[in-house]
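Only one structure is covered here, and it is reproduced in the block below.
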Amino acid sequence: MQILNIRDNQELQSAKNFMFWSLISYIICCFVVVIPFVNILAFIGIIASFVVGMIGLYKFSKLCNTFVFRLFLFSFLLGIGFQITSWVLGFLAGFNESAIPLAILGVLAIGYYALIIYWAYLMSYEMSARTNLKEFIVSFKLSIIAIIGMVACVGVLFGLFASVLLEAASEFGGLENLSSYRLESVMLVFVDSYTATLIAIGGLCVFLVGVAIASFVFSLMGLYKIQEVSVREVNICKLEKTSNAGD
């Protein structure tokens, strides 16, 4: 298997720099995009960082004869397609007053997110296999923990609030009879009844945000530590784990 060293390959050095610095600038822009007067510049920075990162990933994939860029591009295009489909089905659900489009959207959402997670798994393990670094695998695992944890927190909050709302609706003869004043009362009852639970969920969410940040840090560490890469003999979407990457 051919090995490329970053000291002997200027193209590999360029690809590494593109990916590393674009990820740093992307994270910074995502944090400052909420600040007034600079949000437009930050949004432009997000787009520019994405483009530069894609160029770096393309160079890396071409050098290593790997599928990482191809899968990342497919994920991006699929995300755009899923977003457009969501808007269309949401419009149809409101226009026809039917739950069928929403049911279809739910099935598509499950398939979409399952496929995206699987592709992210393939890309992270492939990056680790090509660079012989564990950081990309750790980053993927931490991101999955953060995502599943956040989804669970939202699900618990939704379930608790729904139970309080339905109980209030039964007292007033249906959801349509709940005025804005009564909804405020329901919110107060919800907070008062589940104060300890809400505090615990809030603490868990803070922890999960830290896990998500750690995921980005490990990705940056992996990109920064790239010194040599192995070249695939066959460019197919099949993992070739090294002994180090597979630990």
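Going out from 0 in 10 Å bins, what whole percent of all Cα-Cα distances in the stretch 72-137 drops into each bin?
Reading upward from the zero bin: 21, 35, 23, 14, 7, 1.
Can you find, among Ser86, Ile3, Pro101, the residue farthest towards the positive end of the dipole of the stretch 1-127? Put +1 on the C-beta of Lys and Arg, -1 on that of Asp and Glu.
Ranked along the dipole, the leading option is Ile3.
Going by the alpha-carbon gyration tensor, a ≥ b ≥ c the square roots of its eigenvalues, is the stretch 1-82 rounded (a/c under 1.5) or, if a/c is not under 1.5, prolate (a/b greater than b/c) versus oblate? Intermediate results must be reported in sequence, preceding the final value.
On the way: a/c = 3.96, a/b = 1.64, b/c = 2.42.
The shape class here is oblate.
Out of the trypsin sites (Lys or Arg not before Pro) in the stretch 5-105, which ones are loop residues according to DSSP with at most 14 other C-beta atoms within 10 Å? Show your work: numbers first, answer last.
Details: sites: Arg7, Lys16, Lys59, Lys62, Arg70; in loops: Arg7.
Those satisfying the criteria are Arg7.
For Glu228, enumerate residues with amide H under 5 Å from its amide H, sequence gap 5+ or separate chain, H modeled in the peptide plane.
Ile6
Since every read-out is calculated from the coordinates, none of them should be taken as a lab result. Note that this is a predicted model, so its numbers are computed, not measured. Glycine also receives a Cβ, built like all others from the backbone with ideal geometry; neighbour counts cover every protein chain displayed.
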